[in-house]
Structure formats: structure tokens, C-alpha cells
Amino acid sequence: MEKIKMKKILVIGSGPIVIGQAAEFDYAGTQACLSLKEEGVHVVLVNNNPATIMTDPEIADTLYMEPLSERVLEDIIAKERPDGLIASIGGQTGLNLANALAASGVLDTYGVRLLGTPVEAIRKAEDRALFRSLMMELSLPVVASQTVETLEEGLAFAYEIGYPLILRPAFTLGGEGGGMVSDEAMLREKLPRALDRSPIHQVLVEKSIHGWKEIEYEVMRDGSGDTIIVTTMENIDPVGVHTGDSAVVAPMLTVSEKMQRLLDEAAHTIASALGLIGGANVQFAVHPEEETFCVIEVNPRVSRSSALASKATGYPIAYATAKVALGYRLSELKHPLVPGKTLLDAPTIPHRVVKLPRFPFDVFPEADTTLGTQMQATGEVMGLGVTVHQAFNKALRALDLDLIVYDVETLLTLPQASIKASLEGPRADRITALFAAFYQGMTIGEVAAWTHIHPYFLTMIEDLAHLNMRLYHFVASQKKDGKFLWTAGRDSDASKTWVSLVAKTKWQGIGDRVVARHMGLEEADVRRMRIAEGIVPTFFVLDPYGDPNHPPLPKVFFSAYANDPSPKPRSRLSSSSIQGIDPPCRIAAPSDDETSHPNFKIRSQDGGQRVEPFASNHKHDVAHLAGEPDDSVQRAIVLGSGAIRIGQGIEFDYASVHALFALKAQGLETIVINHNPETVSTDFSVADRLYMEPLALEDVLDVILHEKNGMIMLAYGGQSSLNLGGPLRRILLESPNYTFDLNESVIKTCEERKPFYELLDALSIPHPVGYAANNRDMLLTFVKTLGFPLLVRPSYVIGGTSMMIIADEAALERALGGAVGELLDRGQTLLVDRYIEGSEFEADLVSDGEDIYLPGFFEHVEPAGIHSGDSIAKFPAQSLSKEIEARARAYARRIARGLGLKGLLNIQYIVSGDTVYVLEVNPRASRTVPIVGKITGQSLVKLGAQCALGRIRLKELELPEINEKRRPVAIKAPVFSTEKLSGVDPLLGPVMRSTGEVLAISWDENDALYRSVIERRAPLLVDLSTQPAIAFYGALENTEDVFSLFRALLAAGGRLFLPAVLAESFLQSPERYGYRSQIVSFADSEHVYEDPNWWKSLSLLIAPHLKGEGERAVLFRQKALHYGVPVVSCLETAYLLPALRRGDGVDTLHAYTEAFLNRTKHVPTIR
């Protein structure tokens, strides 16, 4: 195939993080942009997600931080005149936009060539009718189905084929709008919604094959037709659960050799018939008993599965996708991780990989957790091991699920009806329910009938449950008064049994903290005892091929408890065997009477229970694998942030990567620990060494001690890495080889209320009055002292978890009967502050211990009490006075010096009247740190890392400063995914609920606000000139403020739907009577909120939480989400609506940065 010569290529990003489209597209986009730049191409990138690495100035040559809409992209194409366009690395967003630009003729008008997979192939893959026709032409089996565009067509097909059915809307993200229907009533309810979610108003109505196995193939094809299978993946959950919500193993384990040949051939046939160019994902359904399969669908782009496949195999799918889009053959591309191999060589991955989803139900406890074909997970974790057991347990540990599934006492008390309901649902807690089922003696046959999970995986979990039960009962037999005691010396039978059981738990991947909890000991104590017996892990280099003639570069590592340093792929067993494939479920591990096993090094010691501190005793068996790390080399170990979750998103991966770059530039060897396969930080090219390990104490310590020395960087992985600081420091205290970027006193002072307020008092900085309570009586005492309203929250949490505002006695009673009471009963300390009404703002800064660099302030639109992550924020602040800003800067300098901090700091303030209060201080990266970096062109993270090393003095640097005109204006707006979750109240409060954010910049504030909410998931986008129908529901606290909002909406052309009583009250004033033709009153009754046609007539619901609201207000917000009506739950947000103004034109981020920093000669006032 001839090379495609192009000077300028436009790349479409995927936009904000939402359920179904997360950090995997930052990884893909970054890799693809750099791949294109290698070819001398000028890369123009469009993406409005400020938290990404791909939107850094170094990644693309020209960057537009503009909304991802067809109109905006046409403006950019007209201005930049690119030769080509790549859309396949921007997720479903990029694919849909490319398809729309082609269909509207924009690409033809400007002579832009779509690179990679052709438009026709995209349409054939995404259009359900075209795809079905193609499969039938290829004689490939598909499920009985029909594409429909009306409810009547769907009902007719259902009458013909019967129930249950699965709905699959075309051109949608994460299965949005889809689901299973079991009868006509459900079809009538769900099909109209599914049709509305499809951009082409088309849904595939499919006969349900729930219970079949779901298999994924990650395929790579070049323009000449060369095709490889990068890896296969098997969903542990059956068809019917979205692959993003399923537990997944790689490679597939329970498929027969015959079926594998059939699927291999089908994947190649489909890739060729579609004419795919680049990476793609092919999904199959395989009958659980018969040798038959069906083709489900094809994603003709890089995807979430592509990221998992890349990290599992070391194969750079996005990099290759960009190269083949330019005409390269796979055989011409060298493998960057394995010298001597090309990208036409398919990996074989001799290890095992398990992916588990991360759900948001801790933030939404009221949500329906039933899983289906619409994705609900926000992120995922990956475990690597020599066996599937080990990989599975690592993934459990990465999610902190191990402490739940191995809690025998609690799970033995679960009612069997509840267990069965979770398994049959299935619900998000189904893995916990599986363990509970086996603890309570349920059989594999019973569980398989309820779940349709293959017996191989059930046998694996049963093995783990039974081993845990044996350990639990043995420990119980050795306890006295609830404490674990040895009844004899080291050579006793009890000691030998304990060693044997612990050896088994480690071989199967169970963590030290599980053993410690059974024994009633600290995790460090179990670690010392285990290491004293020589039970230690081995580190393996990730080897995609297992070819001794072509060893991989020692870049990516994982640990395992195994004696063989080079695990080899084993032959498959037949599918008729319930043992599945190698490794067999009934793993050979130390028997009860053994004190040694070939998989472990057991070192005998005579008598006594005293064990030397493990730090001086610990020696990993790694010399024969990759060589011992050099003691003389200075290194830094960055702890990543793990799975994308609400409250801890992609911004912390941005921080980790920037820290790694800064540390490497300072001459340090860089190491990163992370288990998130979606991220840039887990790309093998970012750090000198990557450890794909859980961010749990045991695993992190294994890496740290293997590396022999280093500065441990806690400030960049969010709250997760910060929380590891204390335990790590206490264990490593005796070792002079390790230092930390944050000392423990800084973390404690910032997280715990008493030392924090003592610091602020000593510095003469105002703060809310507050106390720390650890029981109910203390809380009630503080309530009497402080009065209402109160803000109650625990320390050391992510995204304001369990934080709440208690407004009155009734709310206090509900809190004590719910989450607050449960936390206090567990002995957890809660912070109790007087709630201050006012305006909130925040700042990110860098301190070198003496001076600070604080570029500007983020001013929140929503009031205090709304989590900062869910608030719209303006940068620089638009209404703060110079005096207020000066005072806030002075407080920041005092705090940084008072803490003795060297590094990053995020401070949140509230201004009430003339007083500036400090609410909280976070000694780490924040979600706004990337935004400051994008706006100023100066990475605060890189500065912070250099300050932590003590390498720079801020006063000696020329750092950019924001101009005093406060123009242009940048708006950070949150993006929510609540419509993907059933039963959720979208009300905003102190607990963060958004999954991502966008950044919009303009010379005019109202235009910037408009651009920030143009995303489909932003509820404010209603054009008042089109007379949209806006409903209001809620009790009123300040009638005049609300009525002034009504007047502004009506004056701008909107129509208002108001409860009859409220409409009558509003129209009583003569000056408002003239709006009567624009007001529709409705009865406050169940008939209204159950009427689908009523909801379809609305463009927006304003339903704030106001004192005195009842359950009906909650129902109104929930029903609005159900019917796809955007919801505004904060009046301050609604006040923005009449001011939104759409500007013209587009500008590069560089142009805005120059203007922010006063480096442009002319700054227009408005566009």
C-alpha cells in the first residue's frame, strides 16, 4: 500500500469523561498524536477535556480547547485546512462526528480525507441494519433480530419472535439507552427511550441470548489486508451484561480449540469485509454447551478493550492505528517493546490478565445496581498473574473488594434469598454474592443455573472461598480471648499448618491484609511472619511473546508467587471439562502437612516468635529475571491513582505523568505503580519502569523494597496515594534508603480537624467553628453548641464521600439513622463544622517552603455546600475584589510556610460578607491543577516535583502571571453521567457526582459559559429564542429571587411549566400578568410525572432542593432523568441561563494563553 503524504492532520478527541468513555481515549489519543508527529505531520487536535495528557502543548502542534460539535469542527476545518482527519481514536464521539461531517459534505467541501477505516465501513459497523445484512452476506451467524425506527415496528417484531428481547441503539456510547425487556409493557417503556438515544433513531431489537458466553477479539488490520489478533478476551459475566461492567479475563480460557479456530476465522473475515484499517473490537456470543456462536457487533475504532489489550500484551494499538492510517504495513513497524519483532507479530501473552469494573454506587447508594446492556462502571482495574487466581485476587485488591469477599463472618449472615437475588439480577455486588454462596454451602450447579457463569470461573471462586474458610477456622482455633496466639514454638504442628495455609493463600494471590484480619493482627505483622518463612514474590518482566530469542525490554513488571521465572502458555483442555483450561482450578499448592513447596522458599529459624524487622530481612527473588536495581542510582517512585472513579479521575493520571516527566528531567530514574489499564501513566514509554500492581500496602511495599531506594511521591495519585503515606512511612521508618515528598505531619494536619484548626488559629486565619466527634453523644453535644445548619464529614475520603449538610432536627435524626450513625457506631471520627453560607473559591499553588506561586483563583458559580467538582468555576475569578484576592494569597503563603510544605497545595475558601474563611487544604494535586497548566502554559505539577526535590527556588524563576483585565475567561463545567444510572436523584450537594469536566475559553464570559455547556450532558443548553418548555418544581424559600429568575426566562422567550399554586402566585402581580400566555400550569399529582408525553414536551427541569420539599420533588428529578430531560438542581446555576450568549469563531489554546499572560498586542472584547 502506498504511503499517504500529508502535511496537516486533524485529530478528534473524545471529550469529557463519562460512563462508557473514560481515560482510555486519552491514552489512545496521546499515543496516536505522537505517532503522527514522528512522521513530520502537523497535528491539529480538538478536545475540550482539560485533565488529559493529550491536550498538553507538547502532544499536538495546534490545540483547540473547543466544544466537540459538528459546527465547531467545521469552523476549525475552515480555518486550519487540514489534509486529513483521524476519528478512530476519539471513541464513539469521534466516530459519530466524523460520520456527520462526511454525511453533511463538510469533508468533501474542504477536501479533507478521512484516514484509517473508511466512512462506509464505519456505517456498516455502526448501522445495525447494514451490519446485519453484511453478516448474512458473509454467512456468519447473527442473533434473530430486526432494526426498527418506531415503537410499532418493535411491537410487531416482538409479537413474531417473542420475549425476552435486547435493545441495542445504533451509534451510541456504552450501550446507552439499551437494555433487556421481558414483556410488552417494558418494551413500550424502553423502546421509545432507546430510539431517542440513537442519533439516527434506529434500534436493533434482538432475541435475547442471555446466558451465552461473550468473547471479544481485539483485531489490528492494515490497508494491505494484513490482519492479526492482538488478544482474545472472555467476559466472566454472560451475554446480557455490558462488557464494560463485566469481569474479563485475557486470553479466553473456556473456549475449545475448534471454536477458537471458528472465531479466529470469523474475526479475520469481518475485518476484511468491512475494510477496517487500524484497531477494532469484534464481539461474539458462544453457546455455553454447543459448538455454535453468533456475531454481536464490531467497534471499528480503538476502545476500552483496546487499552486493556495494549496493557495486557504490550502491543501499542493506538500507535499502530495512526501509522497504518498513513499507509504503513504492520510488517514495516518495529515493536517498540520487543526488539526484533514487528507489529505484524501477534502476541501470545503467557501470563493471565483479569479486569474488574469500578462502579459508582458508593456515591449513589439509592441507585438500582442491576446490570444490563447499558454500561454503568466509571473505570476499571487490571490484575496480572501467572495464574488466573492470582490475577483475579490482584484485581480484587485493587478495588478493595478483597476485604469484603473474604469477610467470612459477615457473608455467612447474608440471607440466601438476598444472595440469589444478587446473582440472578445480576447486581453490581455479584462477586461478593458468589463468595457468600460458597461460604454457605451452595453448589456450583446451583450458582451456575442462577448466573450462567461458566463452571470454570465458579470453581476458581469456590476454591478461593474454601481456602479462606480453612484459614479462618484454623486461626479461630488458635485464638484466645479473640487474639491470635501461638500455642507452641515454630516447629509445632500449628506453626507448620499456618505456614502451609499462608503459602497456599499467596500462591492463589490472597493478600496479607486478609490473613491479618483473620488473625487480629496488623498487616505488617503478618508480612514479617511470612517473610521470615521465606514466602516472597517474584517479579516478572511483561513478555508478550515468551520468545527467548527476542526478550522484551525490562520496562513493565508484575509480581507473582511462582518458582518458574518464565511462565509458558499451556495447551487448552476441551470445553467439556468443567476444569476449563490451564491453570486448573484445583491448583496444586502446599498441603496441610508440608512445611515447604517448590513455589516458595521456606527458611527455617529455630524457636521463639521474634522476627527481625522485615525491611532488613526482605530479599526478592529477581536477580535471574531482570537484574537487581542498581543501588547507586537515584530514583523516584510515583504512586498512581488507580481506577477512574467519581472524585478521583483522569486529572490525577495527568499529575502522575507530569511528575514522572519532571523527575526524569532532573536526572532521576522513574518508577510508577498503577493498575489502571486505561491511562497514559501505564504506557511503557512514560517511566523507566512500570509496575502493574495494586495500589495496596502489600504490593506497593514489594515494589519499593525491590527498587532498593528512592523518593516516594504521594502527592500526585489523589487521595488513594496520600492515604498510603502513613502506613508506608511507619514500616520503612528504619530504612535510610527511602524518603517521601510529604511528611506525615503535613498529611495529618490537613486531614484531621483538630491540628488543622490549631494551625489556622496560630496563623490568625479565619475558619468555620468545628469539632471532631467519634460517638453519638459527642455529635449531639456539638450540635447543641454549633446549631444548625451543620456540615458533617469523615477525613481521608475521596470526593466528599459520606459528607452531608444537616439543616435541622429532622435531618439530624435521618443522618443518625443512616450513614452518619453507621460511621459513628464503627468508631470513625467525623468532622462537625458550622455551615457557612457564602461564595466559594479555590486556588492551586506551588510552594518551595518559603515562597509560593499562585497564578489565580477559581470562582465557583454554585454556593458553598455544592462540591467543588460539581460546580461551574470561572478562571480567573470575575467578581472577587482585589482586596479579597490579596487576603487569600496572604493566607496561602502563611499556610504553606506553616506546614513547611515543598510541593503542590490546593486551598478552598469561602467569602461571607467581608470575611474570608479557609475551608480545607489538600497537600496534593487537584482536579483543577491541569486547568491552570493549560491556561498559563506552566505545569504546576512539574514545578511542584522540582520543589519537592529541593532543586529550585521560586523567586529565582520567571513565572507567568495572569493579566489584571481578567480576560479572556475560562470556564470549567462539570459533566454528569447520572442518566446512565437508574433510580438516582441528580440533586447536587457536598458529595461529588460528576464524572468529568470540560473547559471553555472565550473573550466574553457569557460566550465561555455557553461553550462550556454545549455538551449534550450539560443541562443548561436550551435556546430561549426557540421558546423551549422549562418546568420548575420545588418549595420556595426566597420567592422574589425565584420570581426574578422566572421573569428573566420568560423575557428571553422561554415557556414555563409551573405547579398550579406557584403559577397563580406568580401571575398575581400586574407586572407579571403579561406573561400568562407563556405559562402552563400543571397539577401536582402522580398523573403528571407518570405521563411520558408530558416529559417529552419539556426541554429542561429546574428542581432545586429547598427546605420543606417532599418525596415528590425527588421523584420529579428521577423521572426527568428517566425520560432524558436535563435537570438543574441549583438555583445559582439556573440564573446563568438567560445570560448565555453564543459567540462566533474559534481560537487556539496558544492564542488564549498569550492573552492571559499579556503577551498579545490586541485582545478583542467580544466575538
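The values are calculated or read from the model by the stated rules, or taken from the named source; none is laboratory data. Predicted, not measured: the structure shown is a model, and the values here were computed from it. FYI the Cβ positions are ideal-geometry reconstructions off the backbone, even for glycines, and counts take in every protein chain you see.
Taking strands (runs of 3 or more DSSP E) as the structural unit, those lying wholly within the range 264-372 and holding at least 2 residues that are more than 23 Å from the chain's Cα centre (by Cα) correspond to 278-286, 293-299.
In the set (1) modelled with pLDDT under 85; (2) farther than 13 Å from residue 832 by Cβ, the condition left unmet by residue 759 is number (1). The lone criterion from (1) in contact with a helix residue (DSSP H, G or I) (Cβ under 6 Å, 6 or more places away or on another chain); (2) more than 23 Å from residue 19 (Cβ to Cβ) left unmet by residue 301 is number (2). The residue that is surrounded by the most Cβ atoms within 10 Å (Cβ to Cβ), among those in the range 168-186 that are touching a Gly at 6+ places or on another chain (Cβ under 6 Å) and of a type outside the set (Lys, Arg), is 169. Restrict the check to the range 881-895 and report whether at least one residue is at pLDDT below 95 and under 22 Å from residue 363 (Cα atoms). No, the range 881-895 has no match at all. In the range 641-673, the qualifying residues are those that are within 23 Å of the chain's Cα centre (by Cα) and in a loop (DSSP other than H, G, I, E, B), and the one that is farthest from residue 355 (Cα to Cα) is 647.
Kindly indicate the residue of the range 781-790 that is over 34 Å from the mean Cα position of the chain (by Cα) and surrounded by 13 or more Cβ atoms within 10 Å (Cβ to Cβ) and also farthest from residue 807 (Cα to Cα) among those meeting that condition. Here the answer is 781.
Close Cβ contacts (under 7 Å, 6 or more residues apart or on different chains) running from residues in the range 494-513 that are touching a residue at least 12 places away in the same chain (Cβ under 8 Å) to residues that are surrounded by 24 or more Cβ atoms within 10 Å (Cβ to Cβ) and among the basic types (Lys, Arg) comprise 509/394; 511/397; 512/527.
Restricting attention to the range 1136-1147, the residues being touching an Asp or Glu at 6+ places or on another chain (Cβ under 9 Å) and modelled with pLDDT of 90 or more number 2. Checking the range 975-987 against the condition returns no match, with no residue being at pLDDT 90 or above and of a type in the set (Lys, Arg).
Candidates are the residues of the range 730-775 that are among the basic types (Lys, Arg) and in contact with a helix residue (DSSP H, G or I) (Cβ under 8 Å, 6 or more places away or on another chain); the one that is surrounded by the fewest Cβ atoms within 10 Å (Cβ to Cβ) is 730. If I filter the range 84-96 down to residues being of a type outside the set (Ser, Thr, Tyr) and surrounded by fewer than 24 Cβ atoms within 10 Å (Cβ to Cβ), which single residue comes out as modelled with the highest pLDDT? Looking at residues that are of a type outside the set (Ser, Thr, Tyr) and surrounded by fewer than 24 Cβ atoms within 10 Å (Cβ to Cβ), I get 84.
When residue 108 is tested against (1) part of a helix (DSSP H, G or I); (2) touching a residue at least 12 places away in the same chain (Cβ under 8 Å); (3) more than 21 Å from residue 50 (Cα to Cα), exactly one condition is not met: (2).
Yes/no matrix, rows are residues, columns are (1) of a type outside the set (D, E, K, R); (2) at pLDDT 95 or above:
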| residue | (1), (2) |
| --- | --- |
| 455 | yes, yes |
| 477 | yes, no |
| 482 | yes, no |
| 487 | yes, no |
| 491 | no, no |
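Residues that are surrounded by fewer than 23 Cβ atoms within 10 Å (Cβ to Cβ) and more than 23 Å from the chain's Cα centre (by Cα) within the range 711-729 comprise 711, 726, 727, 728, 729, listed in sequence order.
For the range 423-463, the tally of residues that are hydroxyl-bearing (Ser, Thr, Tyr) and within 22 Å of residue 209 (Cα to Cα) stands at 2. When 457, 484, 474, 435 are screened for being outside the structural domain of residue 252 (by TED's automatic domain parsing) and touching a residue at least 40 places away in the same chain (Cβ under 8 Å), only 457 passes. Flag: residue 248 matches the condition of being crowded, with 24+ Cβ neighbours inside 10 Å, touching a residue at least 40 places away in the same chain (Cβ under 8 Å) and under 23 Å from the mean Cα position of the chain (by Cα).
Inside the range 161-185, residues that are hydrophobic (A, V, I, L, M, F, W, C) and under 30 Å from residue 88 (Cβ atoms) make up a count of 6. Where residues in the range 35-80 are of a type in the set (Val, Ile, Thr) and within 20 Å of residue 681 (Cβ to Cβ), which of them is surrounded by the most Cβ atoms within 10 Å (Cβ to Cβ)? Looking at residues that are of a type in the set (Val, Ile, Thr) and within 20 Å of residue 681 (Cβ to Cβ), I get 52. Here the range 1136-1150 is the region considered, the condition is being touching a strand residue (DSSP E or B) at 6+ places or on another chain (Cβ under 9 Å) and in a helix (DSSP H, G or I), and the residue that is surrounded by the fewest Cβ atoms within 10 Å (Cβ to Cβ) is 1150.
Listed by position, the helices (runs of 4 or more DSSP H) enclosed by the range 971-1089 that each have at least 1 residues that are polar (S, T, N, Q) and touching a residue at least 12 places away in the same chain (Cβ under 8 Å) are 1005-1012, 1039-1051, 1060-1067. Taken together, 355, 334, 341 contain a single residue that is surrounded by fewer than 18 Cβ atoms within 10 Å (Cβ to Cβ) and in contact with a strand residue (DSSP E or B) (Cβ under 9 Å, 6 or more places away or on another chain), which is 334.
Any residue that is among the polar types (S, T, N, Q) and modelled with pLDDT under 95 - is there at least one of those in the range 435-445? No: zero hits. Residue 191 is checked against (1) more than 22 Å from residue 99 (Cβ to Cβ); (2) buried (at least 22 other Cβ atoms within 10 Å of the Cβ); (3) of a type outside the set (D, E, K, R); (4) under 25 Å from the mean Cα position of the chain (by Cα) and fails just one. What number does that condition carry? Only one criterion in (1) more than 22 Å from residue 99 (Cβ to Cβ); (2) buried (at least 22 other Cβ atoms within 10 Å of the Cβ); (3) of a type outside the set (D, E, K, R); (4) under 25 Å from the mean Cα position of the chain (by Cα) is unmet by residue 191, namely (4).
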